[in-house]
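Have a look at the structure below, then the notes.
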Amino acid sequence: MKAWEANIRRVTPYVPGEQPKSKDVIKLNTNENPYPPSPRVKEALLNVDELRKYPDPNVYDLRKALADYHKIDINRMFVGVGSDDVLANIFITFFNGDKPVLFPDITYSFYDVWASLYNIPFEQPKLDDNFRIVKEDYYKPNGGIVIANPNAPTAIAEPMSFIEDIVKNNQESVVVVDEAYVDFGGESALPLIDKYDNLLVVRTFSKSRSLAGMRIGYVMGHEDLIAALNDVKQSINSYTMTRASIDVGVASVLDDDYFREYVAKIVSTREAFSKEMRELGFTFADSSANFIFAKHNKAKAADIYNAAKDKGIFVRYFNKPRIDNYLRITIGTDEEMDKFLAFLKEFLTTSGC
Ligand SMILES: *Cc1c(COP(=O)(O)O)cnc(C)c1O
């Protein structure tokens, strides 16, 4: 073995859901939005001549649009290349202690990857048997806390009071609430940033704003936390946000009617789909997100996953302890969900379930 081989930073990477090459599939596997972004986004993308110039390293226009939208000071807003970039920056910036960072055993499976990459010790308290977070598990010495709310892949949301309890009991730690799905039904912890200087609330444009392909995420919190984050980001790459993503982000934020209309559409599809799924013998907690996390009372999740894939319908299956008999199914259009239900009916009948 060469000496340099021992110096390689090795990590087992996060594995995102498949992006099949064929357009001729029904994609219910990565929680993308089935509807296009606001028509204003298209107009914003025509600003090609300006691309010769570097973008604004402080991303003022987008931070301002978002700060106005959420009625907070612009110094409490940080923007990144999707919330994955924002979260990676949070892990590097705030989790530099010896005590373990805490997040649930079943949650967004990127958290443990960042912790491993940056040599951050971590512990994963178990969700209870109903996949609920046990908040008392977080009342012990720690180097930081990360909670997805609504949680992924369970789709279960906890109320603001629950999050406040965790924040209140951990005022010596930075507590991060990942609200990737909050627009679909959860209660945001955002009002708590006025009260607690150790809280960060992370959001993304990828799901509710139909902009997964543009990569825009952001975080809100006390201005000292935001300033620290900004220093780290500016020490890696000043220009993470492109001119196109800044313009598109502003256009999306300004079209609030469109945003609300399509979020409501997905929520109504989710409710109708959930009812049908229960009639087919699936059990799952009520979803506060744009997906459901379900298991069937007879058929195996892996079998359904494979059979669906053969028919060109992609859902997400995690071959992991405790959740290996569940499917995470993204809410698409009504037509897509009807096709998936038709597939399921046939599959369950032919397999005698
Ligand atoms: C999708 C998702 C993200 C990442 O979103 P991007 O903004 O596309 O990087 C972060 N956290 C959770 C819980 C998610 O589901």
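Close contacts from region 74-87, counting a first residue that is away from the ligand (no atom under 13 Å from the Cβ) and a second that is modelled with pLDDT of 95 or more and among the acidic types (Asp, Glu), with Cβ to Cβ under 9 Å and a gap of 6+ residues or different chains, come to Ile74/Asp68; Asn75/Glu223; Arg76/Glu223.
When the residues of region 251-273 are filtered to those that are under 20 Å from Asn58 (Cβ atoms) and either surrounded by fewer than 18 Cβ atoms within 10 Å (Cβ to Cβ) or not aliphatic (A, V, I, L, M) (or both), the one that is farthest from the ligand (Cβ to nearest atom) is Leu254.
Please enumerate the residues belonging to region 107-124 that are surrounded by fewer than 17 Cβ atoms within 10 Å (Cβ to Cβ) and out of contact with any strand residue (DSSP E or B) (no Cβ under 9 Å at 6 or more places or on another chain). Matches in region 107-124: Ser109, Tyr118, Asn119. Can you say whether Phe347 is out of contact with any helix residue (DSSP H, G or I) (no Cβ under 6 Å at 6 or more places or on another chain) and at pLDDT 95 or above, as far as the supplied structure shows? So Phe347 fails the test. If you go through region 318-353 and pick out every residue that is closer than 17 Å to Glu32 by Cβ, within 22 Å of the chain's Cα centre (by Cα) and aromatic (Phe, Trp, Tyr), you end up with 0. Can you confirm whether region 45-66 contains a residue that is in a loop (DSSP other than H, G, I, E, B), among the charged types (D, E, K, R), surrounded by 15 or more Cβ atoms within 10 Å (Cβ to Cβ) and touching a residue at least 60 places away in the same chain (Cβ under 8 Å)? Yes: region 45-66 contains one or more residues that are in a loop (DSSP other than H, G, I, E, B), among the charged types (D, E, K, R), surrounded by 15 or more Cβ atoms within 10 Å (Cβ to Cβ) and touching a residue at least 60 places away in the same chain (Cβ under 8 Å).
Yes/no per residue for (1) under 20 Å from the mean Cα position of the chain (by Cα); (2) under 16 Å from Pro141 (Cβ atoms); (3) among the aliphatic types (A, V, I, L, M); (4) not in a helix (DSSP H, G or I):
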site	(1), (2), (3), (4)
Leu87	yes, no, yes, no
Ile92	yes, no, yes, no
Asn96	no, yes, no, yes
Asp105	yes, no, no, yes
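The set of residues in region 90-106 that are more than 18 Å from Asp231 (Cβ to Cβ) and surrounded by 22 or more Cβ atoms within 10 Å (Cβ to Cβ) comprises Val101, Leu102, Phe103, Pro104, Ile106. Within region 227-250, the set of residues being surrounded by fewer than 17 Cβ atoms within 10 Å (Cβ to Cβ) and under 16 Å from Asn33 (Cβ atoms) is empty. Criterion applied to Ala157, Ala115 was being within 16 Å of the ligand (Cβ to nearest atom), under 24 Å from Arg328 (Cβ atoms), touching a residue at least 40 places away in the same chain (Cβ under 8 Å) and among the aliphatic types (A, V, I, L, M), and the one residue passing it is Ala157. Looking at (1) aromatic (Phe, Trp, Tyr); (2) surrounded by 18 or more Cβ atoms within 10 Å (Cβ to Cβ); (3) out of contact with any helix residue (DSSP H, G or I) (no Cβ under 8 Å at 6 or more places or on another chain), find the lone condition where Trp4 falls short. Status for Trp4: all satisfied but (2).
Report yes if Ile166 is surrounded by 18 or more Cβ atoms within 10 Å (Cβ to Cβ), farther than 28 Å from Arg270 by Cα and touching a strand residue (DSSP E or B) at 6+ places or on another chain (Cβ under 8 Å), otherwise no. In short, yes.
The values are calculated or read from the model by the stated rules, or taken from the named source; none is laboratory data. The model shown is predicted, which means the values in this text are computed figures rather than measured ones. Quick reminder, even Gly has a Cβ in these numbers, built from the backbone with ideal geometry, and neighbours come from all protein chains shown.
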